[in-house]
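In what follows, a structure is listed as structure tokens, so that the remarks can point back to it.
The values are calculated or read from the model by the stated rules, or taken from the named source; none is laboratory data. As the structure is a computational prediction, the values presented were derived from the model and not from experiment. Here the Cβ positions follow ideal geometry from the backbone for every residue, glycine too, while neighbour counts run over all protein chains shown. Remember, those area values only see protein heavy atoms, side chains included, never the ligands or the DNA or RNA. Shrake-Rupley method; radii C 1.70, N 1.55, O 1.52, S 1.80 Å.
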Amino acid sequence: MGRKGDWACTGWDNGECTATPYCPPRCPRFRDREAVPGLVRPQRPADVDALVEMYLGLDPSDRTMGLPPATETELRRWLGRFTEDGWSLVAEMGSTVVGHTGVTPGEAAAPHLVVFVADDAQGRGVGSELLRQLVAYAADHGHEALTLTVEADNTAAVTVYDNLGFDVVERFRGELEMRLSLDEPVVGRVQRPPAEWEG
């Protein structure tokens, strides 16, 4: 597996993996619903160009509550917030970045999260895996909870968040504020090594 932080593992079956002290909070390897292998890892400075390209390629209908920003300049500024005042993860398939999730502010007990998936990777479980990874990393970072804001009529996203254990804590102007306590059993589930995962 290599040293902690060097998680680009390939060519092995993680079905029998029981983890080591060098592993990240959740196994970085996953397969989407079409059995395409992927990898989730912390964002690196060199990922910014690929993230900008992914975000600029999103259909306008994928933008919600003004995010992600619509221009390259605004995108770069927005992505900089995760580097300067938060942290984030990217999902890769092959050498292509297909998803991004992150939190700000990074020092908050209950930071606010965002998650976006490239158009051609949507509906394949990439967003759900990014969220499970985010929960595992957030617990590892010592956060107490995660919060998010979602449009109330975005039933697909609300269902994903609800299935992971997020609760609606406030409703306002067609939006929902949701929260996941990191004391919940979900943290233990997402941090288990692959050999302990259910089907």
Residue, farthest from Glu151 (Cα to Cα), within region 18-70, restricted to residues that are of a type in the set (S, T, N, Q) and surrounded by 12 or more Cβ atoms within 10 Å (Cβ to Cβ): Gln43
Enumerated strands (runs of 3 or more DSSP E) restricted to region 41-123, each holding at least 1 residues that are over 15 Å from the mean Cα position of the chain (by Cα): 96-104
Residue satisfying condition, being farther than 24 Å from Arg81 by Cα and open to solvent by less than 30 Å² (accessible area, probe 1.4 Å), within set Leu130, Leu134, Leu164: Leu164
Residue check for Arg171: of a type in the set (Lys, Arg), open to solvent by 20 Å² or more (accessible area, probe 1.4 Å) and outside any strand (DSSP E or B): no
Scope region 92-122; condition within 17 Å of Ala136 (Cβ to Cβ) and touching a residue at least 60 places away in the same chain (Cβ under 8 Å); matching residues: Ala110
Residue under evaluation Trp87, criteria (1) more than 24 Å from Thr155 (Cα to Cα); (2) out of contact with any Gly (no Cβ under 8 Å at 6 or more places or on another chain), criterion not met: (2)
Top-ranked residue of region 3-56 - restricted to ones that are of a type in the set (S, T, N, Q) and at pLDDT below 95, ranked as farthest from Gly80 (Cα to Cα): Thr18
Qualifying position, being at pLDDT below 95, within 20 Å of Val36 (Cα to Cα) and either among the hydrophobic types (A, V, I, L, M, F, W, C) or out of contact with any Pro (no Cβ under 6 Å at 6 or more places or on another chain) (or both), among Gly125, Gly142: Gly125
Exclusive hit being assigned to a helix (DSSP H, G or I), over 19 Å from Tyr55 (Cα atoms), free of Cβ contacts under 8 Å to residues at least 12 places away in the same chain and open to solvent by less than 70 Å² (accessible area, probe 1.4 Å), set Gly188, Gly142: Gly188
Scan of region 137-192 for residues that are of a type in the set (Phe, Trp, Tyr) and more than 15 Å from the chain's Cα centre (by Cα), ordered by number: Phe172
Residues of region 134-156 classified as closer than 24 Å to Arg41 by Cα and in contact with a Ser or Thr (Cβ under 8 Å, 6 or more places away or on another chain), total: 3
